[in-house]
């Protein structure tokens, strides 16, 4: 009888130890590790602050503006946060030279996005043939639409493979000023690699000119489609 009592006592003790171990492993209300991501402007002004779960992406605030400068992005990646971060807006001095500008957008695999091609400081143009190259491993071009307010005639690209050529001509008048020239609609492919995928602009010197057939030099500012997880 004494032996059975001892065995019972050992059994009870074992159960108590086991329950204690399980309790230690399962902590009620256990929370995930989080970090603070602070977005700042060029002068140190705080644009936004958010708390992000470890391994997740932070959400950037609306693109800031700065007189005489063009916002070009952020100084570091915040797609996979594993520590407290301070992310600062980056700018470049705004050029007064005529330029074509492709916009930059963010998207996830499977999303449909629109990239605009705009003209800045346009002195007056009557004909444009502009080439747009893109990463076909990540992007599928679904369509191109032109800005009808420019008047003149447009031609759709012959194919939707990179690079595509955008055609516009107005034989009656020059079109001047800042405006959208065309909008390209892309689908981000399933399985597209996370990161930046360039949308690049180029043209031949004789393909952009005015009504007097004087060639007009434009700078090309490329854009990106940033694929996030």
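The values are calculated or read from the model by the stated rules, or taken from the named source; none is laboratory data. As the structure is a prediction and not an experimental result, all values here were calculated from the model. Here the Cβ is made from the backbone with ideal geometry for all residues, glycine too, and neighbour counts use every protein chain on show.
Of the strands (runs of 3 or more DSSP E) lying entirely inside region 30-113, those containing at least 2 residues that are without any contact (Cβ under 8 Å) to a residue 40 or more places away in the chain and either under 16 Å from the mean Cα position of the chain (by Cα) or exposed (fewer than 15 other Cβ atoms within 10 Å of the Cβ) (or both) span 46-53, 69-74, 85-93. With the condition kept exactly as written, say whether any residue in region 131-147 is outside the structural domain of residue 227 (by TED's automatic domain parsing), surrounded by 14 or more Cβ atoms within 10 Å (Cβ to Cβ) and closer than 15 Å to residue 222 by Cα. The answer is no, given that none of the residues of region 131-147 is outside the structural domain of residue 227 (by TED's automatic domain parsing), surrounded by 14 or more Cβ atoms within 10 Å (Cβ to Cβ) and closer than 15 Å to residue 222 by Cα. Does residue 131 meet the test of being within 23 Å of residue 215 (Cα to Cα), touching a strand residue (DSSP E or B) at 6+ places or on another chain (Cβ under 8 Å) and not in a loop (DSSP other than H, G, I, E, B)? So residue 131 fits the description; yes. Those strands (runs of 3 or more DSSP E) of region 156-203 in which at least 2 residues are surrounded by fewer than 17 Cβ atoms within 10 Å (Cβ to Cβ) and within 20 Å of the chain's Cα centre (by Cα), considering only elements entirely within it, cover 179-188, 195-202. Of the listed requirements (1) under 24 Å from residue 229 (Cα atoms); (2) not assigned by TED's automatic domain parsing to the domain that holds residue 209, residue 67 misses just one: (1). The single condition among (1) within 23 Å of residue 199 (Cα to Cα); (2) at pLDDT below 95 that residue 67 does not satisfy is (1).
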